[in-house]
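The values are calculated or read from the model by the stated rules, or taken from the named source; none is laboratory data. In this text the structure is predicted, and so the values were computed from the model without any measurement. Every residue, glycine as well, gets a Cβ built from its backbone with ideal geometry; the counts of neighbours run over all protein chains shown. Only protein heavy atoms, including side chains, enter the accessible area calculation; ligands, DNA and RNA are left aside. Shrake-Rupley method; radii C 1.70, N 1.55, O 1.52, S 1.80 Å.
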Amino acid sequence: MEKILMEAKGINGQLYLMEDKIRIVREGVRPVLARGSKGEKDILISQISAVQFKKAGAVAHGFIQFSFLGGAETKGRLFDARRDENTVMFNARQQEAFEAIKTEIERR
């Protein structure tokens, strides 16, 4: 069984940091309504070429988005990020956990 080093629960999914990869997990009704699917996706840390991070505001949600060679992430605004399989959205209360994972990924 793989060891989870860090985790962050967001609005439309959870983000887990493992030793050599991240895992995006989507469960429940909200991911199905937002993207039409649920499940999990692994991305090797060594394959991540960029991490886009938008802080949550008083009204707007923030998000973390991963780019990697061969990935099909959307380019654009928050509305586009909602439907991107490589993006997890979060609110201001959840932001700290996502920032910590971002920092650790960039450190590696």
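Computed with a 1.4 Å probe over protein heavy atoms only, the accessible area of ILE11 comes to about 30 Å². Projected label points at SER49 and PHE68, each 7 Å from Cα along the beta carbon direction, are separated by 1.3 nanometres. Going by accessible surface with a 1.4 Å probe and the largest first, GLU99, GLU27 read GLU27, GLU99.
Taking the highest mean first, how do the peptides 13-23, 40-50 order by number of other beta carbon atoms within 10 angstrom per residue?
Peptide ranking by packing, descending: 13-23, 40-50.
You can think of it this way: the chain between MET6 and VAL59 has 16.4 nm of extra reach, that is 0.36 nm per residue less the Cα-Cα gap. Count Lys and Arg as plus one, Asp and Glu as minus one, and take only other residues whose Cβ is under 12 Å from that of LYS102; the net charge is then 0. Within the shell defined by Cβ-Cβ distances under 13 Å, the residues around MET18 carry a net charge of -2, with Lys and Arg each +1 and Asp and Glu each -1.
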